[in-house]
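Notes to accompany the following structure.
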Amino acid sequence: MSAGPVSRVRRTLRVESASAGRRLDQALAQAWPEFSRGCIQQWIAAGQVLVDGAPRRCRDRVWGHEAVALDAELVAVGRDSPQAIPLAVVYEDATLLVIDKPAGLVVHPAAGNPDGTLLNALLHHAPGLAAVPRAGIVHRLDKDTSGLLVVAKTLQAHCSLVAQLKERTVHREYRALVVGELAGGGSVAAPIGRHPTQRTRMAVVPDGRAALTRYRVLERYPGHCLLGVELATGRTHQIRVHLAHVRHPLVGDPVYGVRPRPPKGSDPALVAAIQGFARQALHAVRLGLEHPETGRSMAWEVPPAADLESLLELFRREAARGTDPT
């Protein structure tokens with residue numbers, strides 16, 4: 001493992017009341033998800049994190065409203081290897097990189113996926129990302145969710161995008177194919193946290209973090225709907241959990257979904273496609289933000305991934321067949 005470029009990291013925040021009673025390192029890891037908890041612990045131990053103007057220990061508790069200031073050096077460490085994994089680049093300049101992530105590509109390395117991830121691909125595409133926290137990844141998509149994802153290529157851009165995400169000024173829109181027929185659009189406002197007994201899952205729980213999802217009906221099919229979904233918050237598995245909570249789970253969702261429900265009398269091709277769709281039918285179709293350097297509003301849009309588009313086309317044919325007077 002070798003040390004790489006050094007970047008200066010400065011952050012300030014006011015501890016949320018929802019973090020009351022938590023360890024300092026836990027509260028900061030939640031507030032700054034772009035940094036690993038281990039990295040935050042090192043900064044705290046080195047006195048580079050001040051709470052109300054004084055250094056603290058990792059295990060010290062916070063009670064809400066404390067002023068936290070971070071001033072530290074971030075040293076890029078050659079732990080993750082660059083890998084020549086193809087990327088669908090939608091936009092790139094010296095500051096930003098926007099990609100269309102395919103389903104099946106994990107974003108960050110973890111115990112079950114130590115390499116072959118988006119992060120490995122980014123380090124190969126732009127080696128300078130080794131000097132940016134988490135190779136510039138400021139938000140994520142689940143492994144089997146496809147679509148648009150933005151990457152910061154500089155530390156300044158990283159700070160700007162993280163701030164925009166926290167201020168909820170980044171516009172993210174999805175296409176979601178769900179089970180059931182909805183009369184119209186609406187929203188789901190329900191707190192999300194870890195499932196009380198199944199720790200690999202998220203759930204709507206009373207002590208979860210506030211979460212808001214808005215949706216509108218774009219197309220109706222027999223027994224299903226295509227929704228346009230917008231995130232007001234960015235919780236783990238938010239869309240999947242919220243739509244399952246209102247009993248309209250995503251087609252193909254292996255964690256929060258239901259058994260395939262092809263409409264009775266459907267064309268065999270549609271039945272086979274529904275039963276064989278082995279991922280959540282979710283695609284990040286549109287992304288809008290303020291360019292960190294120029295301040296200009298920018299937006300990108302991509303069509304649904306090929307597998308989802310093929311399934312939607314079969315649903316459209318089925319809907320047309322059902323309304324054909326002949």
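Tell me, what is the percent relative contact order of region 200-326, built from C-alpha pairs under 8 Å that lie six or more residues apart?
Values: 148 pairs, mean separation 23.5, N = 127.
Relative contact order for region 200-326 comes out at 19 percent.
With +1 on each Lys and Arg Cβ and -1 on each Asp and Glu Cβ, how big is the dipole of region 241-326 about its Cα centre, in debye rounded to the nearest 20? Write out the running numbers ahead of the final one.
Values: 10 positive and 10 negative charges, 82 e Å.
Result for region 241-326 is approximately 400 debye, rounded to the nearest 20.
Can you sort Asp267, Asp25 by 1.4 Å-probe accessible area, starting with the largest? Working shown, then result.
Numbers: Asp267 70, Asp25 0 Å².
Reading off the accessible areas and sorting them downward yields Asp267, Asp25.
Of all beta bridges DSSP finds with both residues in region 133-292, what is the antiparallel percent, to the nearest 5? Write out the running numbers ahead of the final one.
Numbers: 31 of 33 bridges.
Expressed as a percentage, antiparallel bridges in region 133-292 total about 95.
Can you give the accessible area per residue of region 52-138, in Å², using a 1.4 Å probe?
On the way: 4120 Å² over 87 residues.
Accessible area per residue: 47 Å².
Size of the dipole of the chain about the Cα centre, Lys and Arg at +1 and Asp and Glu at -1 on the beta carbon, nothing else charged, in debye to 20?
It comes to approximately 1000 debye.
Probe of 1.4 angstrom, ligands and nucleic acids ignored: what's the accessible area per residue over region 270-326, in square angstrom?
Working: 2970 Å² over 57 residues.
So region 270-326 comes to 52 Å² accessible per residue, rounded to a whole number.
If you place +1 on the Cβ of every Lys and Arg, -1 on the Cβ of every Asp and Glu, and leave all else neutral, what size is the dipole of region 25-123 about its Cα centre, to the nearest 20 Debye?
For this selection, approximately 420 debye.
If you take all C-alpha pairs in region 62-204, what percent of them are over 27 Å apart?
Working: 3529 of 10153 pairs.
Summing the P(r) of region 62-204 above 27 Å gives 35 percent of all pairs.
Whenever you get a sec, compute what percent of the accessible area on region 220-326 sits on carbon and sulfur atoms (1.4 Å probe). Before the final figure, lay out the partial values.
Working: 2640 of 5280 Å².
Within region 220-326, the accessible surface is 50 percent carbon and sulfur.
Rounded to the nearest angstrom and ordered from largest down, what semi-axes does the equivalent ellipsoid of region 16-138 get from its C-alpha gyration tensor (root of 5λ)?
Numbers: eigenvalues 208, 43, 38 Å².
Working through the eigenvalues yields semi-axes of 32, 15, 14 Å.
What percent does the relative contact order of region 94-185 come to when contacts are Cα pairs within less than 8 Å and at least six residues apart?
Values: 115 pairs, mean separation 28.6, N = 92.
Over region 94-185, the number comes to 31 percent.
Starting from the 7 Å offset along Cα-to-Cβ, what nm value, one decimal, do you get for the label separation of Val89 and Leu212?
In this crude spin-label approximation the distance works out to 3.7 nm.
Can you give the helix-only mean residue ellipticity at 222 nm for the chain, where every DSSP H stretch with n ≥ 4 adds -39500 (n - 2.57) and the sum goes over all residues, rounded to the nearest 500 deg cm²/dmol?
Values: 7 runs with 72 residues, N = 326.
Helix-only estimate at 222 nm: -6500 deg cm²/dmol.
Which value in Å is the Kirkwood Rh of region 75-136 over different Cα pairs?
Working: mean 1/r = 0.0838 Å⁻¹.
11.9 Å is the Kirkwood radius here.
Please list, or write none, the lysines whose alpha carbon is within less than 16 Å of the alpha carbon of Lys143, excluding same-chain residues fewer than 8 places away.
Answer for Lys143, where 16 Å is the Cα cut-off: Lys101, listed by chain and number.
Report relative contact order for the chain in percent, whole number only (criteria: Cα-Cα under 8 Å, sequence separation at least 6).
On the way: 675 pairs, mean separation 45.1, N = 326.
Relative contact order comes out at 14 percent.
Once the dipole of the chain is set up with Lys and Arg at +1 and Asp and Glu at -1 on Cβ about the Cα centre, which of Ala29, Ser81, Leu161 lies farthest towards its positive end?
My answer, from the dipole projection, is Ala29.
Go through (1) -0.53, -1.04, -1.32; (2) -0.45, -0.91, -1.17; (3) -0.45, -0.99, -1.34 and flag the label whose value is the computed log10 I(q)/I(0) by the Debye sum over Cα atoms at q = 0.09, 0.13, 0.15 Å⁻¹ for this structure.
Here the calculated entry is (1).
The values are calculated or read from the model by the stated rules, or taken from the named source; none is laboratory data. Bear in mind the structure is a predicted one, so any value in this text is a computation, not a measurement. Don't worry about glycine lacking a Cβ; one is built from the backbone with ideal geometry, like all the others, and counts go over all protein chains shown. The area values use the complete protein model at the heavy-atom level, side chains included, leaving out ligands, DNA and RNA. Shrake-Rupley method; radii C 1.70, N 1.55, O 1.52, S 1.80 Å.
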